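Encoded as structure tokens, the structure appears first; notes follow it.
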Amino acid sequence: MTAEEKSHPDSQSTQRLDKWLKIARLFKTRTLATEACEERRVKVNGHVAKPAKDIKPGDRLTIRMTGGHYLDLEVVKLCMRSISATLAKELYVVHEREMSQQERELLQLYAQAVKQAKPKYKGRPTKKERRRIENLRKDANPWR
């Protein structure tokens, strides 16, 4: 341990990504940070990262936030416990990134495709949906 690490018990060489995202107040809870990582919305140094990925100062993070915009930032410090919002902003440096028109159009197309691919309802189908499913099955099987 160096003299600096002895004087600051919070200093450490690496830290879990999901924990750092929560401490840096980029996500409200650690669970939300974990879900973002599992949904492949967080990249570390250009690679999709899992929640348990160890990060260190100098790593570049790219986070796809809601609304389709991206947040590019560089990790400056690590911290082991929650801190105030003003101190949390000192843990990273935001890098501005302007998206081209083509990138914006591709993101919109992707969002539309994902929206169409998701089922409208979860759980048990409604009576109307059951009838539609039964009709599809009858059309697919001529022996019925």
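Taking every alpha-carbon pair under 8 Å whose residues sit at least 6 apart, the chain reaches a relative contact order of 18 percent. Local charge sum around residue 108 (other residues, Cβ-Cβ under 15 Å, Lys/Arg +1, Asp/Glu -1)? Within the 15 Å Cβ shell, the charges total +1. Explain nothing, just the number: relative contact order of region 33-85, from Cα pairs under 8 Å at least 6 residues apart, as a whole percent. Reported relative contact order: 27 percent.
In the chain, the longest principal axis of the Cα atoms and the axis of helix 127-140 are about 70 degrees apart. Each peptide in 69-81, 87-99, 127-139 was scored by the mean count of other Cβ atoms within 10 Å over its residues; highest first, the order is 69-81, 87-99, 127-139.
Readers should treat all values here as calculations from the given coordinates under stated rules, not as data from a laboratory. Only a predicted model underlies this, so the values are computations on that prediction, with no experimental measurement involved. Every residue, glycine as well, gets a Cβ built from its backbone with ideal geometry; the counts of neighbours run over all protein chains shown.
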